[in-house]
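Please read the structure below before turning to the comments.
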Amino acid sequence: MSNSLHLKDIASTAAILCPLLLHGLRRSATLLSLSNTITCQIFKIQSLTFTAWCNSHLRKAGTGIENIEDDFRNGLKLMLLLEVISGETLPKPDRGKMRFHKIANVNKALDFIASKGVKLVSIGAEEIVDGNLKMTLGMIWTIILRFAIQDISVEEMTAKEGLLLWCQRKTAPYKNVNVQNFHLSFKDGLAFCALIHRHRPDLIDYSKLSKDNPLENLNTAFDVAEKYLDIPRMLDPDDLINTPKPDERAIMTYVSCYYHAFQGAQQAETAANRICKVLKVNQENERLMEEYERLASDLLDWIRRTMPWLNSRQTDNSLAGCQKKLEDYRTYRRKHKPPRVEQKAKLETNFNTLQTKLRLSNRPAYMPTEGKMVSDIAQAWKGLEIAEKAFEEWLLSEMMRLERLEYLAQKFKHKADIHEDWTRGKEEMLQSQDFRQCKLYDIKALKKKHEAFESDLAAHQDRVEQIAAIAQELNTLEYHEVGAVNARCQRICGQWDRLGALTQRRRLALDDAERVLEQIDLLHLEFAKRAAPFNNWLDGTREDLVDMFIVHTIEEISGLMDAHARFKATLGEADKEYQAIVNLVHQVESIVKQHQIPGGLENPYTTLTAHELNRKWSDVRQLVPQRDGTLAAELRKQQNNETLRRQFAEKANAVGPWIERQMDAVTAIGMGLQGSLEDQLHRLKEYEAGVYAYKPHIEELERIHQAVQEGMIFENRYSQYTMETLRVGWEQLLTSINRTINEVENQILTRDSKGITQEQLTEFRASFNHFDKNRTGRLAPEELKSCLVSLGYSIGKDRQGELDFQRILAVVDPNNTGYVSFDAFLDFMTRESTDTDTAEQVIDSFRILAGDKPYITADELRRELPPDQAEYCVARMPPYRGPNAPPHALDYMAFSTALYGETDL
């Protein structure tokens, strides 16, 4: 019973398991069949691709293969393939047809592959000779990896990764292309088309391609590559489209052919980019040179046109004309010169920036056209400033001279008018024969009268001498109307000589009559004696009270007022003399009235009368308060001038030290003592803004200075500063700020362009400043040596050390000036720390564009470079003079050398 039950269970179990086992066996067979199908498909694709790849090289030797499985079995074409792709010669092959001959040849090929550092895993000569397709394909793949793909290096990746990255970069700009691998990313054919279009856009119109037409895309790419790029078809479009995952090795092999086909273009592109970079630097440098030449020519031309005006010393000899010249000079300083100061600062800034860029680009220093050096401009500018100072000093002295001339001319006219008024009628009087009919008394009177006239004439001698002296001074000072002055002076002197002669003649005649006639009137005589000097005193006093004066200080007007006060103190004594003289007349009147003497009131001894003296005395008393007013007005004017002096001094004493403090601060920043270069530049910009904000103080000072000059104020004891020194200080401050900003910007440019760190720059600056004891911004040779030693340079004390140091000096001080600036020091330290492009690099780049020829043509330049840079090269490259050169060949070597040597500019 139990046994029968057990058999039933077994039968039941078998009935259930048998169908399952049969299904499993069928599924395994299906999977195995599918796997074999895929493997066969892969072998087919690889065979097609590898065969085409081998033939692309074997055709160079005039042969090829048809069946990759059979045609390498004897080892002969395999050895030939290796010789073609490596460029090397393998050992001589065995020519026998026996199996061991074939194995020997294949081993020679495998040994050569192994000698190139390739490990052949599980690949033996016997399998290749026996036609093992898998082993043969593995061997060819190993050869492709070693000789076609391994040398592809992008950013130090593996060969596969480098080739993939190259594809990604080249196809990145194209829509519908996203290369992530070497199987699915190439199925639709757009990646192949993008690679061709990227390098040869003339071969494919990418805009007309569609992702929906993979077969058309693949055929287009393969046809174009075969026809125009000499890349044979290595893939079947149908296989790529119908295979779920195309073979990676086949696609890598085909893509590597694209890489090698475009490798020359890649090198040319890199070379062209390097040349463009160098040429752009050169073009920018030449633009800066031309701008410098233009600015320098314009500034020097302006200085040349301005100098004759500043050197001119011609005026119309009038005070008004001189004041007009001074106003023109003020306009020049305020309106015409400031833009030129800015132009000069810009010129220096551009020059420094240009020299820095030339150093950074490894170019020679720029040498301006003769006569347009920075030193030439500085010398011309200094000459301009000297001429300005001399011109202003001449104008002020000329104004003082002309003011003196105007004063002397008016004084001459005043004294001449008084003298001519006094002499009017005197010649007729002296020539009169009135004494012929006079009695003795009258003769005596005429004689006394003549004696009084002689006394009066002698008293006027000083006035004539004064008139002559004033005329002489007007001649010396070249008064513009000196002709009229000389004519009038000559008339006065001639008349004076005639009066002297006539006086002598009349006195002799009266002396002859005196012996006959004698009578005297003591009272009249006394009156005449006292009245004549008193009258002269009155005349002199009136003349003094209306005399003009010119003063420039309070002390001078105070002196005149003190003299006037002393004069007024004498008026009491003069009044007593006047009363005494008048009393004489009263006595005469009393006697004549008492004794009834006919004609007794007439004084025979003088023409002066009490009425005339009274009139003159009244004039004097009226002129005294008028003189008081004139002096008081002049005192107020001088007090106002003193106020102007103090105002100018107060402002100048604030502005001058402020400018000096700003100069010290800018100098300190320029020494690099405060923070990073950006901090220094920020602080300099702040100082620049502060200086321009301070300009209203300078303008206010100019307005005060104008009032000072218009007040004819020529000195100021309250300040050591003059407007000229403040102007120069202001201009120097602006120039210093601009120059320092430019130096810091150039240092930043040097630092950033050459890749030196802020710490390095700070170390260079700190060391330089440490040995720049006098803060001059430069080092003597011994100071430089100590500075270099402090930075780690080994400069021995022996002869070799001195030779090393002299070589350094030749670099940092090529002109043997005896000192080294910080810019030159920084340039040297930068070049010691960084690399720069060289003429050799540019020559190598041109050689690539020229296809290794020693010359290049204009067509090649225009094909490889942008239009403007191509024409730049064509215009400047000299003709190539070497042998076998075609017409119009260009010498790129000489051109490249010139880029780093001397330039025509």
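For the chain, averaging the sequence separation of C-alpha pairs within contact (under 8 Å, six or more residues apart) and dividing by the residue count gives a relative contact order of 10 percent. Of the residues Phe147, Gln709, Pro91, the one whose Cα sits farthest towards the positive end of the charge dipole of the chain is Pro91 (charges of +1 on Lys and Arg Cβ, -1 on Asp and Glu Cβ, taken about the Cα centre). About its Cα centre, the chain has a charge dipole of approximately 2000 debye under the convention of +1 per Lys or Arg Cβ and -1 per Asp or Glu Cβ, with nothing else charged.
Please sort by residue number the trypsin sites (Lys or Arg not before Pro) in the stretch 313-364 whose DSSP state is loop and whose Cβ has at most 14 other Cβ atoms within 10 Å. Could you put the intermediate results ahead of the total?
On the way: sites: Arg313, Lys324, Lys325, Arg330, Arg333, Arg334, Lys335, Arg340, Lys344, Lys346, Lys357, Arg359; in loops: Arg313.
Listed in order of number, the matching sites are Arg313.
Restricting the calculation to Cα atoms, every distinct pair contributes to the Kirkwood radius of the stretch 438-480, found to be 12.8 Å.
Calculated accessible area for the chain comes out at 53 Å² per residue, all protein chains present (probe 1.4 Å; ligands, DNA, RNA ignored). In the assembled protein chains, Asp511 presents an accessible area of approximately 50 Å² (probe radius 1.4 Å).
Among the listed pairs Lys337/Lys357; Lys60/Lys227; Lys415/Lys449, a Cα-Cα separation exceeding 21 Å is found for Lys337/Lys357; Lys415/Lys449. In this structure Asp664 has an accessible area near 100 Å², from a 1.4 Å probe over the protein heavy atoms. With a 1.4 Å probe rolled over the protein heavy atoms of all chains, the accessible area of Lys853, Lys637, Lys529, Lys170 falls in the order Lys529, Lys637, Lys853, Lys170, largest first. Take every pair of alpha-carbon atoms less than 8 Å apart whose residues are at least six positions apart; their mean separation over the length of the stretch 139-249 yields a relative contact order of 20 percent. When only the Cβ of Lys, Arg, Asp and Glu is charged (+1, +1, -1, -1), the dipole of the stretch 396-465 relative to its Cα centre reaches about 320 debye. Farthest toward the positive end of the dipole of the chain, out of Trp658, Trp730, Cys54, is the Cα of Cys54, where the dipole comes from beta carbon charges about the Cα centre. Annotation for the stretch 342-434: GluC sites (Glu not before Pro) lying in DSSP loop with at most 10 further Cβ atoms inside 10 Å of their Cβ are Glu370. Taking the inverse of the mean reciprocal distance over all distinct Cα pairs, the Kirkwood hydrodynamic radius of the stretch 222-276 comes to 12.9 Å.
Which percent of the Cα-Cα distances in the stretch 479-585 go past 15 Å?
Working: 4539 of 5671 pairs.
When all Cα pairs of the stretch 479-585 are counted, 80 percent exceed 15 Å.
Stretched out straight at 0.36 nm per residue, the stretch from Ala565 to Gln490 would grow longer than its current Cα-Cα span by 23.3 nm. Put simply, the convex hull of the Cα atoms in the stretch 357-499 casts, on average, a shadow of 13.2 nm².
In whole percent, and with a 1.4 Å probe on the protein chains, what portion of the accessible area of the chain is carbon and sulfur? Kindly include the intermediate steps, with their values, before the conclusion.
On the way: 24870 of 47520 Å².
Carbon with sulfur: 52 percent of the solvent-accessible area.
With a threshold of 23 Å on the Cα-Cα distance, the over-threshold entries among Lys335/Lys382; Lys116/Lys160; Lys324/Lys344 are Lys324/Lys344. Only Cα pairs under 8 Å and 6+ residues apart enter the sum, and on that basis the relative contact order of the stretch 804-902 stands at 23 percent.
Over 22 Å apart: what share of the alpha carbon pairs of the stretch 55-152 falls there, rounded to a whole percent?
Values: 946 of 4753 pairs.
The answer is 20 percent, as a whole percent.
For Lys208, the lysines whose Cα comes closer than 16 Å to its Cα, not counting residues fewer than 8 places off in the same chain, are Lys175. Shown here for the stretch 669-730: trypsin sites (Lys or Arg not before Pro) in loop regions (DSSP other than H, G, I, E, B) with at most 10 other Cβ atoms within 10 Å, namely Arg717.
Using a 1.4 angstrom probe on the protein heavy atoms only, line up Tyr578, Tyr692 by accessible area, largest first. Before the final figure, lay out the partial values.
Values: Tyr578 20, Tyr692 105 Å².
Result of the area sort, largest leading: Tyr692, Tyr578.
Our estimate of slack between Ser794 and Ala378, defined as 0.36 nm per intervening residue step minus the Cα-Cα distance, is 145.8 nm. Once you treat every alpha carbon in the stretch 184-251 as an equal point and sum by Debye, what is log10 I(q)/I(0) at q = 0.13, 0.17, 0.27 Å⁻¹? Log10 I(q)/I(0), no solvent term: -0.32, -0.55, -1.31. Listed by chain and number, the lysines whose C-alpha is less than 17 Å from the C-alpha of Lys97, apart from same-chain residues fewer than 8 away, are Lys77, Lys108.
Label-to-label distance for Ala365 and Asp511 is 9.4 nm, based on points extended 7 Å past Cα in the beta-carbon direction. Accessible area of Cys322 (1.4 Å probe, protein heavy atoms only, ligands and nucleic acids ignored): about 0 Å². Would you work out which of Phe222, Ser207, Gln180 lies farthest towards the positive end of the dipole of the stretch 125-236? Charges go on Cβ: Lys and Arg +1, Asp and Glu -1. So the residue furthest toward the plus end is Ser207. The Rg/Rh ratio for the chain is 1.40, where Rg is the radius of gyration of the alpha carbons and Rh is the Kirkwood radius. For the set His888, His183, His770, the ranking by accessible area, highest first and with no ligand, DNA or RNA atoms included, is His888, His770, His183 under a 1.4 Å probe.
Placing unit charges on the Cβ atoms only, positive for Lys and Arg and negative for Asp and Glu, gives the stretch 184-227 a dipole magnitude near 140 debye about its Cα centre.
To the nearest whole percent, what portion of all C-alpha pairs in the stretch 218-342 is separated by more than 21 angstrom? Tail of the P(r) past 21 Å holds 70 percent of the pairs.
The values are calculated or read from the model by the stated rules, or taken from the named source; none is laboratory data. Predicted model only: the values in this text are computed from it and were never measured. With ideal geometry, Cβ positions are generated from the backbone for all residues, glycine too; neighbour counts draw on all protein chains shown. These accessible areas exclude ligands, DNA and RNA; they are computed on the full protein's heavy atoms, side chains included. Shrake-Rupley method; radii C 1.70, N 1.55, O 1.52, S 1.80 Å.
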